[in-house]
1. Using the structure shown, decide if B:Glu118 is open to solvent by less than 60 Å² (accessible area, probe 1.4 Å) and not basic (Lys, Arg).
2. Tell me which residues, restricted to the range B:94-137, are of a type in the set (Val, Ile, Thr), touching an Asp or Glu at 6+ places or on another chain (Cβ under 7 Å) and farther than 23 Å from A:Thr225 by Cα.
3. Report, by residue number, each residue of the range A:171-206 that is touching a residue at least 40 places away in the same chain (Cβ under 8 Å), under 17 Å from A:Leu56 (Cβ atoms), of a type outside the set (Ser, Thr, Tyr) and surrounded by 14 or more Cβ atoms within 10 Å (Cβ to Cβ).
4. Conditions first: (1) within 13 Å of chain B (Cβ to nearest Cβ); (2) open to solvent by 30 Å² or more (accessible area, probe 1.4 Å); (3) in contact with a helix residue (DSSP H, G or I) (Cβ under 8 Å, 6 or more places away or on another chain). A:Thr5 passes all but one, so which condition is the exception?
5. All but one of (1) part of a helix (DSSP H, G or I); (2) open to solvent by less than 20 Å² (accessible area, probe 1.4 Å) hold for A:Gly30; which doesn't?
6. What is the one condition in (1) surrounded by fewer than 16 Cβ atoms within 10 Å (Cβ to Cβ); (2) farther than 19 Å from A:Tyr237 by Cα that B:Pro154 does not satisfy?
7. Output the number of the condition that B:Gln44 fails; it satisfies all remaining conditions of (1) more than 10 Å from chain A (Cβ to nearest Cβ); (2) surrounded by 17 or more Cβ atoms within 10 Å (Cβ to Cβ); (3) out of contact with any Asp or Glu (no Cβ under 7 Å at 6 or more places or on another chain); (4) part of a loop (DSSP other than H, G, I, E, B).
8. Pairs under 8 Å by beta carbon, first residue in contact (Cβ under 8 Å) with a residue 40 or more places away in the chain in the range B:140-161, partner of a type in the set (Val, Ile, Thr), six or more apart or different chains?
Amino acid sequence: MKPFTYSRATSAQEAATMAASTQGARFIAGGTNLLDLMKLQIETPTHLIDVNPLKLDQIEKTADGGLRIGALVRNTDLAADKVVRHDYGVLSRALLSGASGQLRNKATTAGNLLQRTRCPYFYDTRMPCNKRKPGSGCGALQGMSRNLAILGVSDACIAQHPSDMAVAMRLLDATVDTVGADGAARSIPIADFHLLPGDTPHVETVLKAGEIITSVTLPKPIGGTHVYRKVRDRSSYAFALVSVAAVFGKNDASRFAFGGIGAKPWRTADADAAAGSGAKAVAEAALAGARTTHHNEFKKKLVEQTLTSLYRQKEARA
Amino acid sequence: MIPVELTVNGRETHLQLDPRTSLLDALREHLHLTGTKKGCDHGQCGACTVIVEGRRINSCLTLAVMHDGEAITTIEGLGTPDKLHPMQRAFITHDGYQCGYCTPGQICSAVAVLEEIEAGIPSHVTDDLDKVALTDAELRERMSGNICRCAAYPNIIAAINDVAGGAKA
């Protein structure tokens, strides 16, 4: 690991100001992704601001019936929270499908949103990667791309967004609450939070220099039947090849979001609108514009089959 | 160097650490508690699992300075050769290891897993998120962050079941 200096945050705004004015500064919360990448010298911060003292670990109801989740709420606690279990079951399920018990005990809500891709070319510092080293090229385009994204990709990057939690957050129309270096608070709809790679795959979110996530807010519960189906190479402790988050509501008012296939958590209005026409129609709508390699072409069929399975399960329960 | 106070296995320790020092390296290299093992050093194998403030974590993926003032339990703190923790004894009884390298992490994880089930924390295989039962499927899922290269898994599950059953009786 490259040497760095270390300080503890005293307030969100102070942390944001310090991060914006300190070259090479990064926030650390759970650290499960950042420290992994620092050991590989993929991330090389020169200063770490430990945000754990900010105690942003509360889960509380909002005035309009939603739920505000502190940035530092651990994945285990969020998944086990009574309100989340009952009213936002898809979020519990998504969280529980990710990582291991040890990692979920440490990983935070905000950190999960900011985790980096697991594309093997991002991790292998001997290989080109536009996300890790802008302008160096993409090793994945002609390489091993079985796990990688088929939606939202570009000529510069086909890395997939690795999160399960963020897929459920996208499904639930969460907003990401932040404080900037100037002290200004803002709320960013999660649909706008992650950026597609385009020509600048190293820029992954709309966060400005120093801007810090303080909480993630869910709108009031939407009811319905919540499911999260993750398809992967092992039955536990593996990233998704394809995952589908769904809420089946009354009168075909259903919604779908997808993991493992997008450069960001993937959801389209067309797929939601196709809910009444069945799994094949939803898959077709969700996969519009998909760009596959010969290694990951199978994901299109896998999306349709996963949706078919969810529809059958729903019908069996009805 | 940064001063760090840790309570490790009930004993207060005062260290001066480079901020890069992982909790794992602080335990092994500075406190000479070598029971906690370094396997992958990337949070993939679980050999470094310790219990911090009552929760199991990968000690390789956290900095010691981030745990100033906190209480840590390692395999050495669970029991001693003369006075084994029930989980340690069960691993011996059921032959829950071959080479033993992953074992301290497996045991720390297993102790915490039973507490998580007791606390009603659901898992990926929990059918009804409000009803957490102690089943082999639950144990396998919850222990998936601890890899055993010798594949002693069936015996590890038997050992955990033994302790869980004993606790209930």
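1. no
2. B:Ile117
3. Selection gives A:Ala174, A:Val176, A:Asp177, A:Val179, A:Gly180.
4. So A:Thr5 meets the others, but not (3).
5. (1)
6. Here B:Pro154 clears every test but (2).
7. (1)
8. B:Gly145/B:Thr49; B:Asn146/B:Thr49; B:Cys148/B:Ile156; B:Ala159/B:Thr93; B:Ile160/B:Val113
The values are calculated or read from the model by the stated rules, or taken from the named source; none is laboratory data. None of the values given here were measured: they were computed from a predicted structure. Counting neighbours? That spans all protein chains shown, and the Cβs are built from the backbone with ideal geometry, glycine included. Protein only, heavy atoms only, side chains kept; ligands, DNA and RNA dropped before computing areas. Shrake-Rupley method; radii C 1.70, N 1.55, O 1.52, S 1.80 Å.
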